[in-house]
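Okay, so here's the structure we're looking at.
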Amino acid sequence: MKSRGLYVGRFQPYHNGHQSVLNEVSGEVDEIIIGVGSAQMSHDVNNPFTAGERVLMITRSLEDLGCPFYVIPIEDIQRNALWVAHVRSIAPPFDHVYSSNPLVVQLFSESGVDVIAPRMHMRHDHSGTEIRRRMLNNEPWEDLVPPAVVEVIEEIDGVNRLIRISGSD
Ligand code: NAD
């Protein structure tokens, strides 16, 4: 039977830290499921990109991964206690979860799932919060994400979207 690992994140945006984790995970499992969390969120300062845009960023960045992967949008639900069942109802079956998010780790561990905390890669700069801050302040952010993510963000005029929605009326 194939071993399948689940990696969940918000990916606002998908960055080099996420990419390094998935490169490592690709050597540990037969297939990877990437759950795009908070799929219902977009067009706000902390969640500027739609689930579809994040799927594009991830799919294009992983073209050369060398390991089969599936990208699945997952909407949030109101009850944390039911979230693991919600994820299981959407994703292909999986054996391991890769996450360092404390709530994600806690919820999967309580359900008896094997959770592995991947190594952090340059956490200070390789963070969605830092990348969005740089975009808003007209500082260079492009080196912190895979080239395919730069392409997607340019295609959708994502930096201007973020700047506009951060403004007040
Ligand atoms: P994220 O995009 O911030 O991070 C994704 C993963 O990458 C995390 O494990 C994080 O630790 C890791 N990471 C981040 N920077 C890294 C770096 N530089 N190097 C290596 N790894 C790095 O996303 P997140 O906040 O972890 O996403 C969790 C998702 O699960 C959210 O969408 C959240 O809403 C969802 N969730 C929903 C419920 C619910 O609906 N009730 C409950 C729990 C979680």
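The values are calculated or read from the model by the stated rules, or taken from the named source; none is laboratory data. These numbers were taken from a predicted model, which means no experiment stands behind them. Counting neighbours? That spans all protein chains shown, and the Cβs are built from the backbone with ideal geometry, glycine included. In case anyone asks, the SASA skips ligands and DNA or RNA and just uses the protein heavy atoms, side chains included. Shrake-Rupley method; radii C 1.70, N 1.55, O 1.52, S 1.80 Å.
List of remarks:
- Residue in segment 79-90 that is within 29 Å of Arg133 (Cβ to Cβ) and either in contact with a helix residue (DSSP H, G or I) (Cβ under 6 Å, 6 or more places away or on another chain) or at pLDDT 95 or above (or both) present: yes
- Some residue of segment 58-76 being more than 26 Å from Asp125 (Cα to Cα) and of a type in the set (Lys, Arg): no
- Segment 91-115 - residue that is among the β-branched types (Val, Ile, Thr) and in contact (Cβ under 8 Å) with a residue 40 or more places away in the chain and, of those, nearest to the ligand (Cβ to nearest atom): Val104
- Residue in segment 69-76 that is of a type outside the set (S, T, N, Q), at positive phi and open to solvent by 50 Å² or more (accessible area, probe 1.4 Å) present: no
- Complete set of residues in segment 54-65 that are out of contact with any helix residue (DSSP H, G or I) (no Cβ under 6 Å at 6 or more places or on another chain), part of a helix (DSSP H, G or I) and more than 17 Å from Ile131 (Cα to Cα): Val55, Thr59
- Yes/no for Val55 being aliphatic (A, V, I, L, M), within 12 Å of the chain's Cα centre (by Cα) and surrounded by fewer than 22 Cβ atoms within 10 Å (Cβ to Cβ): yes
- Any hit, segment 101-115, residues being touching a helix residue (DSSP H, G or I) at 6+ places or on another chain (Cβ under 9 Å), open to solvent by 30 Å² or more (accessible area, probe 1.4 Å) and under 19 Å from Met1 (Cα atoms): yes
- Candidate set from segment 1-53 (those that are in a loop (DSSP other than H, G, I, E, B), under 15 Å from Val97 (Cβ atoms) and of a type outside the set (A, V, I, L, M, F, W, C)); member that is farthest from the ligand (Cβ to nearest atom): Ser3
- Qualifying positions in segment 147-166 - among the hydrophobic types (A, V, I, L, M, F, W, C) and more than 20 Å from the chain's Cα centre (by Cα): Ile163, Ile165
- Within the set Pro140, Pro93, Pro73, Pro146, the sole residue that is touching a Phe, Trp or Tyr at 6+ places or on another chain (Cβ under 9 Å) and at pLDDT 95 or above turns out to be Pro146.
- Count of residues meeting criterion [of a type in the set (Gly, Ala, Ser) and open to solvent by 70 Å² or more (accessible area, probe 1.4 Å)] in segment 130-149: 0
- Test: residue in segment 77-87 that is more than 8 Å from the ligand (Cβ to nearest atom), outside any helix (DSSP H, G or I) and open to solvent by 50 Å² or more (accessible area, probe 1.4 Å): no
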